[in-house]
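Below is one structure, written out as structure tokens; the observations come after it.
Each value in this text was obtained by applying a stated rule to the coordinates, not by laboratory testing. Bear in mind the structure is a predicted one, so any value in this text is a computation, not a measurement. No Cβ is skipped: glycine too gets one built from the backbone with ideal geometry, and neighbour counts run over all protein chains shown.
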Amino acid sequence: MRMRFFEYQLPVVLWLLSIFVFSTDLFSTKQTGRIIIPVLMFLFPTISYEQTDFWHLVVRKSGHVTEYAVLAALAYRCFKNEHLSLSDTRIRTIAFVLVAALLDECHQLFTAFRGASIMDVGYDCLGAVWALGLIGVYETWRIRSHSIL
């Protein structure tokens, strides 16, 4: 039982803690802009200020999608280990990610330079759906490649 926790559940808990850190003021728009905007200006010297703002937003929202895709993959792996049906595993994964995203936005209400956004919950859920889609493609490929051999 203890090994199951370390192998399947602990990665989910650690990733949730990472998300908690990402939703603090350390990763606010102002803070990430200090890094992302100079990098954009270095890579694209002729980029306009409006374009840097746009691409800064794209990078930030891509972060939402990616961090919740990772959470979904870890949660899926954890729920799959409970020997649920495929549909139950997927439903639990989406529900888990949705609750985590909502709690994350609630947490941001209590930070000085962040705010809650239902759009961010949408990006987070998009990441979960994307991860489950990739997992489905991988599992289908794996089953088919083994049945050929």
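Among Phe113, Ser85, Thr52, whose Cα sits farthest toward the positive end of the charge dipole of the chain (+1 at Cβ of Lys/Arg, -1 at Cβ of Asp/Glu, about the Cα centre)? Farthest towards the positive pole: Ser85.
Only helical runs count toward this figure. For the chain, summing -39,500 (n - 2.57) over DSSP H runs of n ≥ 4 and dividing by all residues gives -27000 deg cm²/dmol at 222 nm.
Between Phe110 and Thr46, what is the FRET efficiency for a Förster distance of 35 Å, r being their Cβ-Cβ separation, to the nearest 0.05? Could you put the intermediate results ahead of the total?
Working: r = 40 Å, r/R0 = 1.16.
After rounding to 0.05, the efficiency reads 0.30.
Residues of region 62-84 with an amide N closer than 18 Å to a point placed 7 Å from the Cα of Phe6 along the Cα-to-Cβ direction: 78. For region 65-106, the Kirkwood radius over C-alpha pairs fed into Stokes-Einstein at 20 °C and 1.002 mPa s yields D = 207 µm² per second. What separates the Cα centres of region 119-133 and region 4-74 is a distance of 14 Å. Can you give the relative contact order of the chain as a percent, counting alpha carbon pairs under 8 Å and 6+ residues apart? That works out to 30 percent. Around the Cα centre of the chain, unit charges on the Cβ atoms of Lys, Arg, Asp and Glu (plus for the first two, minus for the last two) sum to a dipole of about 420 debye.
Take the convex hull of the alpha carbons in region 2-148; its mean projected area over all directions comes to 11.5 nm².
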